[in-house]
Amino acid sequence: METDRFGGTDGNAEPHEAVCLGESMVLFVPSGDGPAHEVDTWHRTIGGAESNVACHLAEGGMRARWVSALGADPFGSVVLDRLGRFGIELEDVRIDRRRSTGVYFKAPGHTGSRVWYNRTDSAAAAMGPELLGALDLERTRLLHLTGITPALSSSCRELVDAALDLPRGDMLVSLDVNWRSLLWSARGAEGVDDPAELLRAFADRADVVLVGDDEAAEVWGSRSVSEIRELLPHPRSLVIKHGATGATLVEDGTELFEPALRVDVVEPVGAGDAFAAGVLASTLAGNGPRHRLRSGHLKAAAVLCTTDDVGPPLPEADVSRMLLADEREWSSVTIREGRVIG
Ligand SMILES: Nc1ncnc2c1ncn2[C@@H]1O[C@H](COP(=O)(O)OP(=O)(O)O)[C@@H](O)[C@H]1O
Ligand SMILES: O=C(O)C(=O)C[C@H](O)[C@H](O)COP(=O)(O)O
């Protein structure tokens, strides 16, 4: 197994503890076809970028903790129940009796989905730096944040700022840029003059940054790897996603591009979180750049086959085979209905 300067351990060591911090919501997906306003039956599941990452990490055998806030309402119970079934540690979730659990809806599309939120003034929007008080940093190897949290409220911006100031020790802080224009134009972001610069400055303080070249172009007007590197000079690792094409890992002044898998896409939302979880788990396990990117692509491919934000992973034997596959085999298979074909 390749090892790297993150000082990871081999697969037999104690699982690492990851802390994922951010809002999770109840998610409704139409059960039938047709425009969302005409659908009477909805499938209820949950979603939220950071808890999606926690689900994937826990499913892969890591100890994962989710830190957030929920309303004292049935939807809060749904979120707790679902995350609990993944084995995620939930002791640091605050139950807020004055506020509600956020809700989001998505109307699936193969190339893109429409999403709507009902989360203004949610329990999670009231989170602040006080949530960090309970964290046991000694046990934490990874703190995962996203650019969604600072869009929720001024107290959430303080929370992310404080999280990026925590003493790191051996802990890595990762940040997925996750630009959400809907949120940055909503009430929670009032008072922020330049969301793009705020997000850039937050990202630049993380150790590992994940960003799509499409979102970098939208937020910062920079799409190429070299432009993004210039914008974010400080993180140890930059993971730049090129959608269906592949992803580039920039680290130690070197770049590695790894193509994505060919996938029969059902619905794309959640693929970015799955990709992040694959990359981060592989990073903590001490693997080299190709393994990390492939782990991300494999996790993302499985989620692309479902309408849920988190779906079942690809069969373990297929994942092990594809991690070691040569370039020809890697580019010849298709991922369809959660299986590796070819
Ligand atoms: N059409 C696709 N075909 C194959 N893989 C894809 C496709 N779209 C996305 N992916 C995979 O999902 C990952 C995340 O994609 P991205 O578009 O950045 O997601 P998000 O916008 O949800 O953050 C990519 O790095 C890649 O591994
Ligand atoms: O938008 C939000 O605030 C959410 O957290 C809902 C979703 O669960 C994630 O957005 C999915 O993120 P991707 O994996 O990047 O598609």
For Arg205, solvent-accessible area (1.4 Å; no DNA, RNA or ligand), Å² = 80 Å²
Would you kindly state the longest site-free stretch of the chain, with sites defined as GluC sites (Glu not before Pro) in a DSSP loop (not H, G, I, E, B) surrounded by at most 13 other Cβ atoms within 10 Å?
-> 191-336
Share, in percent, of DSSP beta bridges within the chain that are antiparallel, nearest 5 | 45 percent
Tensor-based shape of the chain (alpha-carbon gyration tensor, a/c under 1.5 rounded, otherwise prolate or oblate) | rounded
For the chain, the per residue accessible area (1.4 Å probe, Å²) is 43 Å²
In the range 61-99, which trypsin sites (Lys or Arg not before Pro) fall in coil by DSSP and have 11 or fewer other Cβ atoms within 10 Å?
-> Arg97, Arg98
Treat every Asp and Glu Cβ in the range 113-252 as -1 and every Lys and Arg Cβ as +1, leave all other atoms uncharged, and give the resulting dipole magnitude about the Cα centre to the nearest 20 debye.
-> 400 debye
Could you please state how large a percent of the accessible area of the chain is carbon and sulfur, counting protein chains only and using a 1.4 Å probe?
-> 49 percent
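The values are calculated or read from the model by the stated rules, or taken from the named source; none is laboratory data. Given the structure is predicted, the values throughout are model-derived calculations rather than measurements. Virtual Cβ from ideal backbone geometry, glycine too; neighbours counted across all protein chains shown. Ligands, DNA and RNA are excluded from the accessible area calculation, which covers all protein heavy atoms including side chains. Shrake-Rupley method; radii C 1.70, N 1.55, O 1.52, S 1.80 Å.
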